[in-house]
Amino acid sequence: MLGGLQYIPCFAHQGWLTTTFLDFAVQYSDIELLDALVAREATYAIYIVFVIAPLLLSTDGDARVFGVLVFAVLAVTYLFFSFAYILVFCMGGALMSLYLVFMIFRKWRSPPKALAVPESG
């Protein structure tokens, strides 16, 4: 929720968000509240550390796959950032959502795994 607060000034300051229609995409250019404090690359690094790293370090294989998927979407979005950031990110969000639905249904259909209990001897 805190990340969403940085977009509130776009509603109050005309010109902080501009939209350009390209041939096959919509390009958004904006000024964010945190731009004056820290470079956007730093906010991306913070996102990687707090969101993606725990997924990649998880013991659950599905969570690791999801972490790789989130990282791939972030990388592709960064590559296309100057061209069509929002459109690429939304497409990636849809792909990640499809994987989550797949993962949930697969886990729901498979029987739970029994935990190994050490024998006392």
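The values are calculated or read from the model by the stated rules, or taken from the named source; none is laboratory data. Quick caveat: nothing in here was measured; it's all calculated off a predicted structure. Backbone-built Cβ (ideal geometry, glycine too); neighbour counts: all protein chains shown.
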* To do: Answer with yes or no whether V49 is surrounded by fewer than 13 Cβ atoms within 10 Å (Cβ to Cβ) and within 19 Å of the chain's Cα centre (by Cα).
  => yes
* To do: Output the number of the condition that V38 fails; it satisfies all remaining conditions of (1) in a helix (DSSP H, G or I); (2) over 23 Å from S97 (Cβ atoms).
  => (1)
* Determine, yes or no, whether A75 is outside any loop (DSSP other than H, G, I, E, B) and more than 12 Å from the chain's Cα centre (by Cα). => no
* Asked: Filter segment 77-115 for residues that are of a type in the set (S, T, N, Q) and either modelled with pLDDT of 80 or more or more than 30 Å from T19 (Cβ to Cβ) (or both); which is surrounded by the fewest Cβ atoms within 10 Å (Cβ to Cβ)?
  -> S110
* Go through the residues of segment 34-43 one by one and say whether even a single one is at pLDDT 85 or above and not polar (S, T, N, Q). => yes
